[in-house]
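What follows is one structure encoded as structure tokens, with my remarks underneath.
The values are calculated or read from the model by the stated rules, or taken from the named source; none is laboratory data. Keep in mind it's a predicted model, so treat the numbers as computed, not measured. Here the Cβ positions follow ideal geometry from the backbone for every residue, glycine too, while neighbour counts run over all protein chains shown. Accessible surface areas use protein heavy atoms only, side chains included; no ligands, DNA or RNA. Shrake-Rupley method; radii C 1.70, N 1.55, O 1.52, S 1.80 Å.
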Amino acid sequence: MADLKSTLQEKIPLWRTALQELLKHNAETQISAVSMTQVIKGLRGVRAVLCDTSYVDPKEGLFIRGKPVLELVDLSGEEIFYLLCTGELPDANALTQLQKDISSRAEVPDYVWQIQDSLPDDTHPMTRLSTAMLSMQRESVFSSRYSSGMRRDEHWEATLEDALNIIARLPVVAAGIYRSYLSGKPRIDANPDLGFSENFAHMLGLSDPDGWFRNFIRQFVVVHSDHEGANASVYTSRIVDSSLADLYYSISASMNSLAGPLHGLANQESLKFVLKIQAKFGGVPSDEVLSKYVWAHLTAGNVIPGFGHAVLRYHDPRYTALFDLGKEYCPDNPIFQISERLGEIVPPLLKKQGKAKNPYPNIDGISGALLHHFGMKELRYYTVMFSTAQILGICAQIIMNRAVYSPIVRPKSVTTRWLQGHVSDGIS
Ligand code: HAX
């Protein structure tokens, strides 16, 4: 099989033609309507974003390029990236070539660390990550080629260059942030013989005598790599990208969105909730005690972090993947056990409260328990782990956007007065 770039070169004309054909014959076909609720309540369910890398079925969860995520959890970071970009898995040659290419780009410029050193000690690790990404924007191949008059049909190639550079460097930056500012230890150099996920695990430097942490990170990367094109962080990156701002700007923006507690920060908040329970009850409380505690938390108007979802309506297979690893690696760990009990106890309580459309745990309701078990006790770092894996999907989506000439995103906003007038005029 051909390398990533040649495979894309082969497929992109087909993607362009497929979209042109759809437009030619169905330009005015309606595929979604928008209700008052959707406008006022976050556009839930409005089909308005094109994304071919992955799809989230409300009942079955994430499919990457048509394959259920649970069938993909053992893939390497490079394999999942190739799959996200092209819809196919690479053969051994294409994979080796991609790994070599990425590892040859892993050098992080010194100024990135100088900027990091100048930030106050209490800077959130997500702010550090986003700042690092933005500070490297001056390296953008897309940006410099655009200024010298690049042809539009070459936009995707320059974006691929940026993507490969970012995929090579971001784990180095992320792990460096962990070592220097969270665990207070020297940074560990990338190992050119290791791939994306293994290198990330290696550079974090946690004790891993059995290779379990490495295996966990491999699965962690796959399950966090993509989740459609319209979740808050990925859509943010796509809006930024649509103005032809480069990938550095887009990914930095995605990080800022992921950093919110209703989104990627939920993994930090979820483990905080679990640790609070452990401290309050001196270990794993009985189901009865836990139920009372959760119910009081809920009825005081709080959300239970790590539960619920805007699209999913049943169990999250990404949760299942990490939960199964926890059952294998740390079934007796009290933090894991509390998370496990919450997974059983919270859904009926959320159902009883009758508000959440999805009462089940999501990926952020379990990932922290495993990170904590493997020795990463710095909760503020957890969203950086998520973000580092998520760049694989963002890069793939943005390469595709550029390949099919996605225009600038610009829906229409309406005023409250317009909505009131629309209703009172009886136009519906
Ligand atoms: N605990 C308590 N209440 C919840 C809830 C939860 N876990 N999940 C939803 N609800 C509430 C909502 O706050 C909302 O209440 P109001 O009507 O009073 O505003 C109501 O139930 C209906 O919400 P929904 O339609 O079911 O959910 P949304 O699509 O609006 O929001 C969220 C989806 C994920 C933001 C939501 O479920 C939530 O806040 N969960 C907790 C935070 C969390 O785990 N976030 C991570 C989600 C996965 C992800 O994006 N990872 O990055």
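For the full complex of protein chains and a 1.4 angstrom probe, list His263, His25 by accessible area with the highest value first. Before the final figure, lay out the partial values.
On the way: His263 40, His25 120 Å².
Result, largest first: His25, His263.
Rounded, prolate or oblate: pick one for the chain, where a ≥ b ≥ c are the square roots of the eigenvalues of its C-alpha gyration tensor, a/c under 1.5 means rounded, and failing that, prolate if a/b is larger than b/c, else oblate.
Working: a/c = 1.65, a/b = 1.10, b/c = 1.50.
Oblate, because a/c is 1.5 or more while a/b does not exceed b/c.
Which value, in Å² rounded to 10, gives the accessible area of Leu14 with a 1.4 Å probe and all protein chains present?
120 Å²
When the dipole is taken about the Cα centre of the stretch 202-346, and only Lys, Arg (+1) and Asp, Glu (-1) are charged at their Cβ, what size is it in debye, to the nearest 20?
On the way: 11 positive and 15 negative charges, 68 e Å.
About 320 debye.
Counting only protein heavy atoms and a 1.4 Å probe, tell me what percentage of the chain's accessible area is made up of carbon and sulfur. Walk me through the intermediate numbers first.
On the way: 10380 of 19780 Å².
Exposed carbon and sulfur together represent 52 percent of the surface.
Which whole-angstrom value gives the distance between the alpha carbon centres of the stretch 210-268 and the stretch 85-158?
14 Å
Charges at C-beta only: +1 for Lys and Arg, -1 for Asp and Glu. How large is the resulting dipole of the stretch 1-131 about its Cα centre, in Debye rounded to 20? Please report the intermediate quantities before stating the final value.
Values: 13 positive and 19 negative charges, 146 e Å.
Magnitude of the dipole: close to 700 debye.
Using unit Cβ charges (K, R positive; D, E negative) and no other charged atoms, how large, in debye to the nearest 20, is the dipole of the stretch 76-173 about its Cα centre?
260 debye
Just to be sure I understand: with springs between alpha-carbon atoms less than 10 Å apart, which residue in Ala92, Ala190, Ala389 has the highest mean-square fluctuation in the Gaussian network model of the chain?
Of Ala92, Ala190, Ala389, the Gaussian network model singles out Ala92 as fluctuating most.
What whole number of Å gives the distance from the Cα centroid of the stretch 1-54 to the Cα centroid of the stretch 309-369?
One Cα centre to the other: 32 Å.
What accessible area per residue comes out for the chain, rounded to a whole number of Å², with a 1.4 Å probe? Write down the numbers at each step before the final one.
Working: 19780 Å² over 428 residues.
Computed with neighbouring chains in place, this is 46 Å² per residue.
Mind grabbing the accessible area of Glu378 for me, 1.4 Å probe, Å², rounded to tens?
Rounded to the nearest 10, that gives 40 Å².
First check a/c for the stretch 181-316, with a ≥ b ≥ c the square roots of the eigenvalues of its C-alpha gyration tensor; if it is under 1.5, answer rounded, and if not, answer prolate when a/b is larger than b/c or oblate otherwise.
Numbers: a/c = 2.21, a/b = 1.24, b/c = 1.78.
Cα axes put the stretch 181-316 in the oblate bin.
Just to verify a number: what accessible area does Lys280 come out at with the full protein assembly present, 1.4 Å probe, Å² rounded to tens?
Rounded to the nearest 10, the figure is 130 Å².
For Lys412, give me every one of the lysines with a C-alpha distance below 27 angstrom, ignoring sequence neighbours fewer than eight places off in its own chain.
Lys24, Lys41
Would you list Cys51, Cys395 from the most to the least accessible area, probe 1.4 Å? Intermediate values should be presented prior to the final figure.
Details: Cys51 30, Cys395 0 Å².
Descending accessible area places them as Cys51, Cys395.
In what order, largest first, do Tyr82, Tyr329 sit by accessible area if the probe radius is 1.4 Å? If you can, show how the numbers build up before the last one.
Numbers: Tyr82 0, Tyr329 20 Å².
Per-residue accessible area, sorted high to low, gives Tyr329, Tyr82.
Using Cα springs under 10 Å in a Gaussian network model of the chain, which residue among Arg187, Arg145, Arg313 shows the largest mean-square fluctuation?
Taking springs between Cα atoms under 10 Å, the residue moving most is Arg145.
For every helix of n ≥ 4 consecutive DSSP H residues, a contribution of -39,500 (n - 2.57) applies; sum these over the chain, divide by its total residues, and give [θ] at 222 nm rounded to the nearest 500 deg cm²/dmol. It would help to have the intermediate numbers written out before the result.
On the way: 19 runs with 245 residues, N = 428.
Helix contribution divided over all residues of the chain: -18000 deg cm²/dmol.
Normalised by the residues of the chain, what does the relative contact order come to in percent, with Cα pairs under 8 Å and at least six apart? Numbers along the way, then the final one.
Details: 605 pairs, mean separation 98.0, N = 428.
Here the relative contact order equals 23 percent.
Starting from the Cα-Cα distance between Glu288 and Glu344, subtract it from 0.36 nm times their residue separation and give me the gain in nm to one decimal. Intermediate results must be reported in sequence, preceding the final value.
Details: separation 56, 0.36 × 56 = 20.16 nm, distance 1.19 nm.
Roughly 19.0 nm would be gained on extension.
Among Glu28, Glu228, Glu78, which one moves the most in a GNM of the chain with springs linking Cα atoms closer than 10 Å?
Result for the chain, Cα springs under 10 Å: Glu28 fluctuates most.
Specify which residue in the list Ile64, Leu22, Asn93 is farthest towards the positive end of the charge dipole of the chain, using unit charges on the beta carbon of Lys, Arg (+1) and Asp, Glu (-1), about the Cα centre.
It is Leu22, whose Cα lies furthest towards the positive end.
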